[in-house]
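Take a look at the structure set out below.
The values are calculated or read from the model by the stated rules, or taken from the named source; none is laboratory data. Everything quoted here is computed from the prediction, not taken from an experiment. We place every Cβ from the backbone using ideal geometry, glycine too, and count neighbours over all the protein chains shown. In case anyone asks, the SASA skips ligands and DNA or RNA and just uses the protein heavy atoms, side chains included. Shrake-Rupley method; radii C 1.70, N 1.55, O 1.52, S 1.80 Å.
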Amino acid sequence: MQHAPSLHIEAVDFVGRFARMVETWRLNQKRASSYRKTVKELNKLTVRELADVGLSRGDIERVARQGAQAL
């Protein structure tokens, strides 16, 4: 005689998953805002001012991305 396979259903923590999803969304929003602000501020600088801090125009997006990821 065969028995029907038993289903093991794990409890799903919907509240915890939702809270983590919201926190991830907030962090991504904060990172995006930081990125945009950094790019905007660095683009205001002249080539000479950027060179004084060791950057070129081509470095702006990379620096802004790295800064945003560090949050």
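Observations, loosely collected:
- If you go through region 50-71 and keep only what is open to solvent by less than 80 Å² (accessible area, probe 1.4 Å) and farther than 29 Å from residue 26 by Cα, you end up with 50, 51, 54, 55, 56.
- Residue list for region 28-46, restricted to those being in a helix (DSSP H, G or I) and open to solvent by less than 100 Å² (accessible area, probe 1.4 Å): 28, 29, 31, 32, 33, 34, 35, 38, 39, 41, 42, 43
- A single member of 6, 56, 34 is of a type in the set (Ser, Thr, Tyr) and at pLDDT below 95, and it is 6.
- Here is the figure for region 22-71: residues that are of a type in the set (A, V, I, L, M, F, W, C) and under 15 Å from the mean Cα position of the chain (by Cα) total 9.
- Residue check for residue 19: surrounded by 10 or more Cβ atoms within 10 Å (Cβ to Cβ), at pLDDT below 95 and among the small types (Gly, Ala, Ser): yes
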